[in-house]
Amino acid sequence: MSGGDHIHSGTVVGKLEGEREITLGFVDLLRDDFIEKDRSCGIYFTQDWVSTVCYSVASGVFTFGICPLWTEIFGDDSVLQFGGGTLGHPWGNAPGAVANRDRFPKCLSGYSSMSRLFTEREKQIHRIWTELSHDILNPNHASL
């Protein structure tokens, strides 16, 4: 990892889902300053990062609808790419960006319930996008 400052780690939920334990193990490795060799875990040599910061990067249709899930998984020291989840908002790119930008800090502050993230007016405005987020996560139950 000479010179690397970020690496894609997977998402656990969403388009690039993977096994939670494996992804979290990988993210934890990126956060540690020193890692002992452990061939049983796939670590084939000791790694001394000398406090070099390397962030995990996750992407894959991130939306405010699943915000509580991935803030629980990745915390506040990861890079989260909001591509299709922002640009695919039914009202356009700008409303998608505003929705994600407004909700993300609330998720980091401990809001775990979608009902606490929105005012009544916002619930009505964003109902469609929340349903689309659910359909993306559960393609077998899609209502589209």
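Okay, here's what the table says:
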quantity: Sorted peptide list for 6-12, 34-40, 69-75, criterion being average Cβ within 10 angstrom, highest first; calculated: 6-12, 69-75, 34-40
quantity: Which of 19, 131 has the fewest Cβ neighbours within 10 Å, and the rest in rising order; calculated: 19, 131
quantity: Positive minus negative residues near residue 34 (Lys, Arg vs Asp, Glu; Cβ under 15 Å); calculated: -4
quantity: Under 15 Å, Cβ to Cβ, from residue 78 - net charge with Lys/Arg +1 and Asp/Glu -1; calculated: -4
quantity: Net charge contributed by nearby residues that have their C-beta within less than 12 Å of residue 24 (K/R +1, D/E -1); calculated: -2
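We did not get these values from a lab; they are worked out from the coordinates using the rules stated. Note that the structure is a prediction, hence the values are computed from the model and not measured. Cβ atoms come from the backbone with ideal geometry, glycine included; neighbour counts cover every protein chain shown.
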